[in-house]
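The values are calculated or read from the model by the stated rules, or taken from the named source; none is laboratory data. For clarity, every value in this text was computed on a predicted model and none was experimentally measured. As a convention, Cβ positions derive from the backbone with ideal geometry for all residues, glycine included, and neighbour counts pool all protein chains shown. When the accessible area is computed, the model is the full protein with side chains, heavy atoms only, and any ligands, DNA or RNA have been set aside. Shrake-Rupley method; radii C 1.70, N 1.55, O 1.52, S 1.80 Å.
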Amino acid sequence: MTLFRDIKGTVQPFWITLRTMLRKPVTVQYPEEQRPPAERARARMILTRDPDGGERCVACHLCSAACPVDCISMQAAEAPDGRRYAAWFRINFARCIFCGLCAEACPTLAIQMSPEFAFCKDDPLDLVYEKQDLLVDHGGKNRDYNFYRHAGIGVVNPRGGNDDEYGPVDVKSNLP
Amino acid sequence: MTEGLITLALILAKLLLILGVLLSAAAYLVLMERKLLGRMQMRYGPNRAGPGGMFQPLADVIKLITKEDFIPPQGDRAIFFLAPGLAALTALLAFAVVPFAPPVNLFGRELPMVVCDLNIGVLYFLGLSSLAVYGVALGGWASNSKYALLGGIRSLAQLLSYELAMGLALIPVVLMARSFSLTDIVLAQQGLPFALLNPLAFVVFMISTAAECKRLPFDLPEAENELVAGFHTEYSGLRFGLFFVGEYINLIILGSMVTVFFLGGWHGPFLPPIVWFMLKVLAVAFFFIWTRATLPRLRYDQLMHFGWKVLIPLSLLNVLVTGAVLLWLKG
């Protein structure tokens with residue numbers, strides 16, 4: 001009986017491959033046909049803006065510190081109202097490993113990962129993105145978040161004036 | 001004198017035509033195989049070079065030529081150069097006896113559509129396919145690498161074993177056609193092809209053909225990436241290409257042998273004989289590609305067991321039975 005089973009097992013696959021041959025291929029012809037990646041796909045980094053159009057980045061260097069390959073660098077500067085911002089901001093995508101640790105470290109949701117994955121260049125120097133290349137005019141994955149409405153110095157509201165915020169601590173007092 | 005010159009010129013023209021057709025057919029067979037394999041795996045296969053991938057063989061040739069051609073420094077250089085040529089040459093030479101159409105009348109002279117109508121064509125074919133073993137064995141030897149040598153020996157054993165079954169499967173054909181000449185064998189299948197008269201011999205011949213031209217499921221000689229011990233482990237560039245093309249030429253040759261011995265050669269209704277011949281060869285090639293997409297590779301001991309314990313006894317039995325039946329029919 002095993003002989004019949006063996007013969008059947010040898011002949012049956014032929015029918016399956018023949019049937020498969022007449023089916024339409026499932027290949028995506030990449031450069032011509034592009035499937036848009038999911039919105040939360042994590043590829044190249046962007047610098048987002050808050051709902052009012054201001055830059056979110058406060059140049060705290062946390063992304064740079066979290067980066068395992070040291071591809072992020074920036075220079076902090078201060079506006080007349082005391083708000084910090086990045087004078088210049090640079091990501092070397094030739095080094096970046098797209099681990100997403102910078103986006104996780106960011107307290108203001110400024111640096112985020114975008115689904116744009118196809119940005120190969122001939123020259124490695126073209127992969128060094130400056131602030132104007134990184135900055136976009138939308139809020140990324142969380143469009144409503146504004147760091148200064150929850151914490152920080154009084155940029156939007158006077159200090160301690162936000163809804164979920166206490167007033168400044170009186171350092172001269174022992175009371176909590 | 002002029003008569004002889006004209007005959008010579010005609011033979012040369014035939015040779016050139018066959019060589020050109022055979023080589024380009026081998027190149028495009030590679031494309032056909034890749035395309036069909038792709039479709040059987042629900043992908044497109046090569047479709048970038050030219051319309052529908054038509055220039056893919058050309059691109060492959062350019063790639064093989066421009067690749068680095070590495071020669072192992074400790075290897076036997078002369079034999080290393082010779083082996084791929086042997087593999088391709090023996091395959092090409094076998095086509096000399098294949099009749100692909102009935103003789104045609106050209107300007108009042110009979111022109112046989114075969115390079116050389118040997119009256120021992122079957123023996124010539126079997127002899128050449130034994131010679132093809134040398135390409136494989138010498139390729140493994142000259143590389144001076146243990147892996148290539150082991151691969152060569154393994155292929156040697158496989159080719160020799162399956163050659164036996166192949167020869168034994170041909171004996172009933174010779175018995176039925178009462179001739180060793182391939183033209184006579186085709187003519188003997190005027191009514192019914194031998195594949196229907198003697199299906200067992202046909203099946204055995206098909207299987208040993210697959211093993212002879214190192215097709216899956218018998219492609220242990222190369223086992224390109226899994227075993228990394230094929231006989232052409234050390235070959236690269238154009239020399240590897242020669243082995244590769246030799247294999248596909250071999251596939252066409254053995255396909256046309258199957259056509260001649262079992263499928264009735266050029267016989268067929270409606271269409272011109274040469275078209276029938278090509279269609280049958282293509283059908284055999286398609287079947288081999290289909291098999292490649294379907295069956296997994298055999299283990300080496302399974303391969304040897306199958307050859308020696310199944311195919312050879314079966315074909316021996318078939319020789320006996322066919323001979324007895326033919327004697328009984330004769331009265």
Unit charges on C-beta of K, R, D, E only; dipole of chain B, Debye: 600
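Sum up the charges of everything whose Cβ sits under 10 Å from the Cβ of residue A:71, counting Lys and Arg as +1 and Asp and Glu as -1, but leave residue A:71 out.
So the surrounding residues net to +1.
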Segment B:254-269 - phi-based ³J(HN,Hα) in whole Hz, Karplus 6.51/-1.76/1.60, Gly and Pro as x: 5, x, 6, 5, 4, 4, 5, 7, 10, 9, x, x, 7, 5, x, x
Among A:92, A:146, A:157, residue whose mean-square fluctuation peaks in a GNM of chain A (springs only between Cα atoms under 10 Å): A:157
Amide H within-cut-off set for residue A:135, under 5 Å, with H built and near neighbours excluded: A:47
Helix-derived mean residue ellipticity, 222 nm - over the protein assembly as shown, DSSP H n ≥ 4, -39500 (n - 2.57), to 500: -16500 deg cm²/dmol
Qualifying GluC sites (Glu not before Pro) in segment A:69-176, DSSP loop, other Cβ atoms within 10 Å at most 13: A:116, A:130
Cα-only Debye scattering, chain A: base-10 log of I(q)/I(0) at q = 0.13, 0.16 Å⁻¹: -0.77, -1.01
Lys/Arg +1, Asp/Glu -1 at C-beta; segment B:68-330 dipole; positive extreme among B:192, B:241, B:118: B:192
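Counting only GluC sites (Glu not before Pro) that sit in a DSSP loop (anything but H, G, I, E, B) with at most 15 other Cβ atoms within 10 Å, what is the longest stretch of chain B containing none of them? Please list the in-between numbers first.
Numbers: sites that count: B:68, B:224, B:226.
Value returned for the longest uninterrupted segment is B:69-223.
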Accessible-area value, residue A:10, 1.4 Å probe, nucleic acids and ligands omitted, Å²: 60
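DSSP loop (so not H, G, I, E, B), at most 14 other Cβ within 10 Å: list which chymotrypsin sites (Phe, Trp or Tyr not before Pro) in segment B:200-305 pass both filters. Spell out each step's value before the answer.
On the way: sites: B:202, B:205, B:218, B:231, B:235, B:240, B:243, B:244, B:248, B:261, B:262, B:266, B:270, B:276, B:277, B:286, B:287, B:288, B:290, B:300; in loops: B:218, B:231, B:235, B:262, B:266, B:270.
When the chymotrypsin sites (Phe, Trp or Tyr not before Pro) of segment B:200-305 are filtered for loop state and at most 14 Cβ neighbours within 10 Å, B:270 remain.
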Assigned charges on the beta-carbon of Lys, Arg, Asp, Glu; the protein assembly as shown dipole about Cα centre (debye): 1320
Tail beyond 26 Å, pair distance distribution of segment B:68-330 (Cα, percent): 42
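Tell me, what is a quarter of the convex hull surface for the C-alpha atoms of segment B:1-130, in nm² with one decimal? Write out the running numbers ahead of the final one.
Working: hull surface 53.3 nm².
Taking the Cα atoms of segment B:1-130, their convex hull projects to 13.3 nm² on average.
Going from most exposed to least, what order do A:8, A:24 have by accessible area with a 1.4 Å probe?
Working: A:8 125, A:24 145 Å².
Largest accessible area first, the list is A:24, A:8.
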Cβ-based charge dipole, chain B, positive-most Cα from B:204, B:103, B:78: B:204
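With +1 on the Cβ of every Lys and Arg and -1 on the Cβ of every Asp and Glu, and nothing else charged, how large is the dipole of segment B:1-138 about its Cα centre, in debye rounded to the nearest 20?
For this selection, approximately 600 debye.
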Rounded FRET efficiency, nearest 0.05, which uses the C-beta distance separating residue A:118 from residue B:120 and R0 of 51 Å: 0.20
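Per residue and in cubic angstrom, what volume does the convex hull of the Cα atoms of segment A:9-105 have?
Numbers: hull volume 19.4 nm³, N = 97.
Per residue, the Cα convex hull of segment A:9-105 comes to 200 Å³.
Would you mind checking the pairs B:14/B:280; A:8/B:330; A:8/B:214; B:146/B:309; B:35/B:280; B:280/B:330 and listing those with alpha carbons more than 26 angstrom apart?
In this structure, A:8/B:330; B:146/B:309; B:280/B:330 lie more than 26 Å apart at Cα.
Within segment A:140-175, report the chymotrypsin sites (Phe, Trp or Tyr not before Pro) that DSSP leaves as loop and that have at most 14 other Cβ atoms within 10 Å. Walk me through the numbers on the way to the answer.
Details: sites: A:145, A:147, A:148, A:166; in loops: A:145, A:166.
Listed in order of number, the matching sites are A:166.
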Cα gyration tensor category, rounded, prolate or oblate, for segment B:196-331 with a/c compared to 1.5: oblate
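From the alpha carbon gyration tensor of the protein assembly as shown, can you work out the equivalent ellipsoid semi-axes (sqrt of 5 times each eigenvalue) and give them in Å, largest to smallest?
Numbers: eigenvalues 1032, 123, 104 Å².
Taking √(5λ) for each eigenvalue gives 72, 25, 23 Å, largest first.
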With every protein chain in place, the protein assembly as shown: carbon and sulfur % of accessible area (1.4 Å): 66
Signed unit charges on C-beta, dipole axis of the protein assembly as shown, positive-most listed residue B:323, A:63, A:93: B:323
Residue with peak Gaussian network fluctuation, chain A [Cα springs, cutoff 10 Å], from A:112, A:34, A:12: A:12
Cα-based Rg / Dmax (Å) for segment B:148-226: 15.4, 48
Mean Cα-pair separation over length for segment A:47-154, i.e. relative contact order, pairs under 8 Å, 6 or more apart, %: 36
